[in-house]
Each structure stands twice: as C-alpha cells, then as structure tokens.
Amino acid sequence: MFRKRHPPVGAMPGTLAMPQDAAPPVIHIMDYGPTHVEEQSGVAPEALPALLTRDSVTWVDVRGLGDERTLRAIGEALGMHALALEDVVNVPQRPKTEAYEGHLFLVVRMPEAEVRTFATEQVSLVLGPRFVVTFQEREGDVFEPVRARIRTGRGPIRRAGADYLGYALVDTVVDAYYPVLERVGDLVEALEEEVITAPTRPTLRRIYALKRTVQELRRTVWPHRDALAALLRDESPYLGASVRVYLRDTHDHAMQLLDVLENYRDTATGLLDVYLSSESNRTNEVMRLLTVVASIFIPLTFLAGVYGMNFEAMPELHSRIGYPVVLATMLLTALGMLAWFRRRGWLGTPEEPAAGPAHEVLEAYLPADERR
C-alpha cells in the first residue's frame, strides 16, 4: 500500500517531515575537469559555497536524510527552493522535473542494487550551472560506473559540463531497470513452463506476485518517461543542445522499458487465464472419470440387485453355473462399456483428425522440433 512521509495537514509549504530511522546526511564531493579529479568525503555544509564557485564541475552527493538542520544548511548553500527541499525529504515523490530560479530539480526512482526483490529508492537531483547535487535516502547506489568514468576520464564526461553529468546519472538510473526486467523475464519463462506442464496452488500465488511486480515496475517507469519528455520539451539554460541529444536516447530507453513491461503484463494476465483453464480442465477430467466409473457400475448394480432378490421361483438360483455366468456377464458389460466410452473419446486421448490444408499451413510456422 502507498505510504508517504508528509507534514501535518495544513502545514506551511516547505515543512519537512523527517524520517525517524534515517541515517544522518554524509556529503561526498567529486570535483573534476579535463585534467584533474578531486574527491572529498564528510564535507561540512558550510564549505559548499566555496566549492560551488569553482570553474570545474562539482558533484555533491548527499547520502542520508536524517538531520533537518544539515539538510536546510545544504539547501541554503545551494539556493534551493523550499518546495524542492520538501520534495527531497518527504518521500516518495513521483518522478518529475521542476524548473526553479537558479537550478533545475529532478526526481527519479532508482532500483536498489544487489536486491533480488524489486525495491526502489528516491534520488533527487539539483542541476545548476557548474554543479549537480544528488540526495539519496541511504548508502548504496548504481552510480559507481559514472564515478569510474570520471576517475579514469573515459568518454566525454570530464570535458563536458554539469548538464552532461546530470544526463549520465539519469541515464544510469533508467538503465538500472534492465537487469530487473531480465529477472522478471526469467520468472515469466519459468511460470509459463510451470503453468503448461504442472500447475499447482503455489503457481497461482507466484502468478499474482508476478502481476504485482510488473504493475509496480510499470507505475515506477511510466513517470520517468513523462519527466524525460518534459526535459526535452521545455527550454532550460541548464541543458545544452548537445546533452538533449543524449537525453533523447535515455527517453527511448524508458519507452523500451515500458514496451517490455506492457508485454510482461499481458503475458502475466494470459498465464492467469491459462492456469484457470488448466484447473477447469483438470476438474472436468476428474468429473468425467467419476462419471465413467459411475456409469459402468450402474448396470452392474442392476444385475447384482436382480440376482440378489432371492425369489424361490428364479430358475438361475439353482443352476450350478449361474454364479460364474452372472460374473462373466457383469465383466463383459463393464468391458463393453469401457470400449464404447473409449470409442466415443470419453476415455484417454481422442484420435486426431486427418491433417487438412489448414493443418499443413500451421505446421509450416512451427519449429522443426515441434512438428509432428
């Protein structure tokens, strides 16, 4: 269910609802240019104004949202709007982009690294003329490849501005959904095989879990598409024309993710229909078998009832071969009914009709190992 940290109803805009169990903020700095990279950890908020006035690009990474005083000091040092700082703390927010005076504010949902089940963490980005500030809820992220590119100077990131760094971070978050979708795809394939071969009651629970995961993924990825579209549509002094080209590629990735999720959602719905059909068919098979057994015993019960009346005038009662004759009659009756049921296709697998033109056309589209 949806849970969101929020201030009391009617509180003044910009009021922060601090999380009770969040870690205190720790500030990490990466300052870089074409010829240098400088990293610092545990920087005080008071030192930020001097760092942000350099000619180089500065990445301020704030990890933890557990101290209101520190967060407000960071916001004052960056010149953040009160509503932007409120969106940073009062999580979760819908992925979006907002233009404020002096900076561009973005919210994205980052898949948690090294987690088997799907979970996300809010990452807020503040994009300024020469700096990018990221606010994370806790330690651990998917940005290590970006840090490695900055340290080694691979690609254009060291020669580009802060807007390219902002693009690289957003693109990394979007691309981090691909491994998640691959795991979901493996689950879809496993469930397809299970539903077709041996569906059980736990299969139904797994199908519903798959549907919930796909639904949650879709709700998370969909706003990223809208936020990226807004970045591309709206003019901003903090995004250059060259970076917009890269952002279009990230927008395409978000669209591709949505296409895959739509396919998974349809497949999950189809798996549920197939499971219910399989259960219905299995019930019908059981009922058919019980009906056949009952139908066989009806005439046998009739014969046993007739010869169990013990009337004195019944000629068969005093015959020496009466008992075996009656048993043989009952056996032949049961065998005859079984043969008749099988001929009608009520027992076993019914015979397939002769292959016609339509059958030959369908066979042509099947893989060679599936043709009969």
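The values are calculated or read from the model by the stated rules, or taken from the named source; none is laboratory data. Since this is a predicted model, take the numbers as computed values, not measurements. With ideal geometry, Cβ positions are generated from the backbone for all residues, glycine too; neighbour counts draw on all protein chains shown. For accessibility, only protein heavy atoms count, side chains too; no ligands or nucleic acids. Shrake-Rupley method; radii C 1.70, N 1.55, O 1.52, S 1.80 Å.
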*What FRET efficiency would be calculated for the residue pair residue 333, residue 178, taking the C-beta separation as r and a Förster radius of 51 Å, to the nearest 0.05?*
0.20
*GluC sites (Glu not before Pro) within the stretch 217-298: which are DSSP loop residues with at most 10 other Cβ atoms inside 10 Å?*
235
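What accessible area per residue, rounded to a whole number of Å², is obtained for the chain using a probe radius of 1.4 Å?
58 Å²
From the helices alone, meaning DSSP H stretches of at least four residues, give me the mean residue ellipticity at 222 nm for the chain, per-run term -39500 (n - 2.57), in deg cm²/dmol to the nearest 500.
Taking each H run of at least 4 residues, the total per residue is -18500 deg cm²/dmol.
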*May I have the pair-distance distribution P(r) for the chain, computed from all Cα-Cα distances with 10 Å bins from 0 and rounded to whole percent?*
4, 17, 21, 15, 10, 8, 7, 6, 5, 4, 2, 1, 0
_Segment residue 67-residue 263, extension gain: residue separation times 0.36 nm, minus the distance between their alpha carbons_ = 66.3 nm
*Taking the chain as a Gaussian network, Cα atoms linked when under 10 Å apart, which of 110, 309, 30 shows the biggest mean-square fluctuation?*
309
_Stretchable slack from residue 282 to residue 204, in nm (0.36 nm times residue separation minus alpha-carbon distance)_ = 26.6 nm
*Euclidean distance of C-alpha centroids, the stretch 215-253 and the stretch 64-85, integer Å*: 25 Å
*For residue 50 and residue 193, calculate 0.36 nm times their separation in residues minus their Cα-Cα distance, and state this gained length in nm to one decimal.*
45.4 nm
*With every protein chain in place, the stretch 12-54: carbon and sulfur % of accessible area (1.4 Å)*: 59 percent
_Two-site FRET efficiency, residue 319 against residue 21, from Cβ-Cβ distance with R₀ of 56 Å, rounded to 0.05_ = 0.05
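Loop only per DSSP, at most 14 neighbouring Cβ atoms within 10 Å: give me the chymotrypsin sites (Phe, Trp or Tyr not before Pro) in the stretch 127-196, ordered by residue number.
none
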*Once the Cα atoms of the stretch 181-288 are picked out, what are the Rg and Dmax in Å?*
19.9, 74
*Assuming a viscosity of 0.890 mPa s and a temperature of 25 °C, what translational diffusion coefficient in µm² per second does Stokes-Einstein assign to the stretch 123-182, Rh being the Kirkwood radius over Cα pairs?*
198 µm²/s
_Highest-MSF residue in the chain out of 289, 258, 232 [GNM, Cα springs under 10 Å]_ = 289
_Residue among 27, 296, 150 with the largest mean-square fluctuation in a Gaussian network model of the chain, springs linking Cα atoms under 10 Å_ = 296
